[in-house]
1. For the stretch B:97-123 and the stretch B:4-18, what is the centre-to-centre distance using only Cα atoms, to the nearest Å?
2. Considering only A:59, A:118, A:103, whose Cα is most displaced toward the positive end of the charge dipole of the stretch A:59-139, charges sitting on Cβ of Lys, Arg (+1) and Asp, Glu (-1)?
3. Per residue of chain B, what 222 nm ellipticity follows from adding -39500 (n - 2.57) for every DSSP H run with n ≥ 4, rounded to the nearest 500?
4. Quick check: net charge around residue A:6, other residues with Cβ under 10 Å of its Cβ, Lys/Arg +1 and Asp/Glu -1?
5. Picking from B:50, B:20, B:64, which is most flexible by a Gaussian network model of chain B using Cα springs under 10 Å?
6. Count charges around residue B:121 for me, please; just the other residues with Cβ under 11 Å from its Cβ, Lys/Arg as +1, Asp/Glu as -1.
7. Average partner chain C-beta neighbours within 10 Å, per residue of A:144-151?
8. Neighbour counts of other C-beta atoms within 10 Å: give me A:36, A:138 arranged from fewest to most.
Amino acid sequence: MNRRGPLIAAVVSGVIVLLAAVLIVLPKKSEVGKAHDDLLTAQSEEATLQTQLKVLQDAQAAAPVAQKQIDKIQKQIPSTADLPGLFRQLRDVANLSAVDFFSFSPGTPVTDASATFSTLGSGIVVTGSYFSLEEFLHRLETLRRAAKVTSISLAASGTETTGGAGQLQMQLQVEFFTTDTSAGPGSLPGPTQGTAPVILPTVSPTPTESPSPEIPSPTESPSATPGA
Amino acid sequence: MTSVNLLPPELREQQAIRRQTALVALGGVAVLVLLGVFYFLQTGQLSSAQSDLDQVRTSNATLQQQISELQPYADLQQQLEAKKQLKDTLFLNEVSWSGVLLDVSRVIPDTAYLTSLTGSMTAPTGAVIGATGTSAGSTSLIGTMTFSGVAKQTETIASWLTTLEEIKGWVNPWVNSAQEQSADTGIYTFDSGIDFTADAATVRGRGGAK
């Protein structure tokens, strides 16, 4: 054995150690690092999913209420023009307000620029006493079907000689709405709208409403009061 | 007693070199063993991390499935929000005309009566309720109303204008004309009007804002 034996042994040992470190240990260490990174990512994703699930569970808990609200709005803004229903509701309002239901002229539905709903601009003319007309308006504004009075004109209806003393005639321009974007004469029959109804997996069906017409009672003061 | 190595110096040198070589080789082996220990520790860590990762991934898959099952409820909420927004848009700046009639009956002076009343709403100018900073300001006008009537003395008309302005959301009371019906009667026919601000809108006309 020559004098370079230890040196050769050192070099060989070093090379073996280096090779072992580079080819075996370092890749394993890298794998561990990657696994830790993946774990952190997965844990972060888990937290996000948990939050998302919580929100959905809250939505599930609130689903019956949400469904009720949707049904209510659906009645206010139905998926078709539903003129027969509208006629009946207006007739009932007129009867309950003790006014003479004089005329109702529904206009052709006009689709909004946003293409999400159509507006039925309609003319209504009724006669009655001042407070009958006020009652009619209040019932119209709180109708199950959404109604927006855009203009009003009130004047005396008759004279003593015609037997109409104290009677007033009220002409209204009222907007009714439908989510049917193709409504009215010449349109596609049935509801036409972009969004399909949501089908829930577990929500129990909402109770069907009584077919008898019901006028909601006033729940809020509709106008500002003097000096308020 | 002194020990005497009788081996020749060449042999002794060879022995020393062999010892040194063995020591160096042993050192190399020791380092390799350390690397081996480190490797096994890393393997253990990797196994543990993989196990945790699998567990979390399984949990995530379950969560994902639950989320998929509950997705219709999110759609339902979105549908509700869309419908609410639509409703708010439709009723934007709505004036309660029944309330207007009631207010008129409350404020009209005893010495006056109206022969006609006409009111109309101004079409909304695209403001979207719910969007930040786009709610109609209380000074923007949302409608107008005109009256024709008969009053006893001009003081009645002045009083009528004053009381009109006291109603919340009613602004700009004015008189276009006031004409005495015949000389010295003190009976005046008049035309007047009023504008509505957003304060006169119904609760739903203000997007539900109180």
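Readers should treat all values here as calculations from the given coordinates under stated rules, not as data from a laboratory. What you see is a predicted model; the values in this text were computed from it and never measured. Note that each Cβ is placed from the backbone with ideal geometry, even for glycine, and that neighbours are counted across all protein chains shown.
1. Here the two parts' Cα centres lie 130 Å apart.
2. Ranked along the dipole, the leading option is A:59.
3. Computed mean residue ellipticity for chain B: -18500 deg cm²/dmol.
4. Cβ neighbours under 10 Å give a net charge of +4.
5. In this elastic network of chain B, the residue with the biggest mean-square fluctuation among B:50, B:20, B:64 is B:20.
6. Here the charged neighbours net out to -1.
7. Mean inter-chain Cβ contacts per residue within 10 Å come to 6.
8. Sorted ascending by nearby Cβ count, the order is A:36, A:138.
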